[in-house]
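The values are calculated or read from the model by the stated rules, or taken from the named source; none is laboratory data. Since the model is a prediction, treat every value here as computed from it, not as a measurement. Heads up, the Cβs are rebuilt from the backbone with ideal geometry, glycines too, and the neighbour counts pull from every protein chain shown. Accessible surface is based on the protein model in full, side chains and every heavy atom, while ligands, DNA and RNA are left aside. Shrake-Rupley method; radii C 1.70, N 1.55, O 1.52, S 1.80 Å.
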Amino acid sequence: MENLGHLALLLVAAFTAGALNAVAGGGSFLTLPALVFTGVPPVVANATGTVALLPGYMAGAWGFKDDMAPPPGLSMKQVVVLSLIGGSAGAALLLFTPDATFRKVVPWLLLAATAMFAFGPQLRAWASGKNAEHAAPSVAKAAIGMLIVAIYGGYFNGGLGILLLALFGLLGQTQLNAMNGMKNLVSALLTAIAVVIYAVGGIVQWQQAIIMMVAATLGGYLGARVARKIPAHILRWGIVATGLVMAVLFFIKG
């Protein structure tokens, strides 16, 4: 962290990411590229950026603690267990992914996450429509869906919130506050267990992580207050544009 330019980039990226996550999501579109562009290997950058954003997920889960309710087909205990198992599996998979492979995968993951974010409302509407047409899914199907999304979250954080909201809608959850509460709880749980595995695996650069953690937490607090004045559609498409630009840069850099 001797390069002041790199330090400034990481602080700005983490602050902005915290603000984005507080109101709309998409923070990982900034933290991962910022770390990679400052010379951090891709796998380590993914883990370090995830550590930096963990406090925001925990704060969000606490904020919705009174609204949380598990989706139909799953109990709260089952959601917690599946989140921890899936997060662990995804994090372990990241540990065994070579940097060269991850560098090739990242732009595609960014594109997929950006698409999920861009079409999030349509995805959730489709999920709700599917639920209205069919009976509630079995416990086995609900558990498999929860596990798959948790594995994705443990491996790559981008677009996780949209996937979780769509899954909960598909399972039959209709109360938005309950859905957001569970989204934040699951994100916090699988990110926390993933961070433990990242740390044991030695793929976290703690100096950068702690600095970015402080900036992201501050950004989350201030961003939630300021972003209320920004029209939602402008905020959403700004995040989509950021994701597309980052994906293109990774394609070029790779």
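Restricting attention to the range 54-66, does a residue exist that is over 14 Å from the mean Cα position of the chain (by Cα), of a type outside the set (A, V, I, L, M, F, W, C) and either part of a helix (DSSP H, G or I) or at positive phi (or both)?
Yes, there is a match, as at least one residue in the range 54-66 is over 14 Å from the mean Cα position of the chain (by Cα), of a type outside the set (A, V, I, L, M, F, W, C) and either part of a helix (DSSP H, G or I) or at positive phi (or both).
So, of the residues in the range 19-35 that are assigned to a helix (DSSP H, G or I) and open to solvent by 10 Å² or more (accessible area, probe 1.4 Å), which turns out to be modelled with the lowest pLDDT?
V23
What pairs come up if the first residue lies in the range 23-43 and is farther than 22 Å from A100 by Cβ, the second is at pLDDT 90 or above and surrounded by 19 or more Cβ atoms within 10 Å (Cβ to Cβ), and their beta carbons are under 7 Å apart, counting only those six or more places apart or on different chains?
L30/A13
Of the conditions (1) more than 12 Å from the chain's Cα centre (by Cα); (2) open to solvent by less than 20 Å² (accessible area, probe 1.4 Å); (3) modelled with pLDDT under 90; (4) not basic (K, R), M146 satisfies every one except a single condition; which number is it?
For M146, the failing item is (3).
Being aliphatic (A, V, I, L, M) and either surrounded by fewer than 21 Cβ atoms within 10 Å (Cβ to Cβ) or within 22 Å of S138 (Cα to Cα) (or both) is the filter here, so list the residues in the range 166-187 that pass it.
A166, L167, L170, L171, L176, A178, M179, M182, V186
Does V79 satisfy being more than 16 Å from I197 (Cβ to Cβ), β-branched (V, I, T) and out of contact with any His (no Cβ under 8 Å at 6 or more places or on another chain)? Don't jump to the end; show me each part of the working.
Details: more than 16 Å from I197 (Cβ to Cβ): yes; β-branched (V, I, T): yes; out of contact with any His (no Cβ under 8 Å at 6 or more places or on another chain): yes.
So V79 fits the description; yes.
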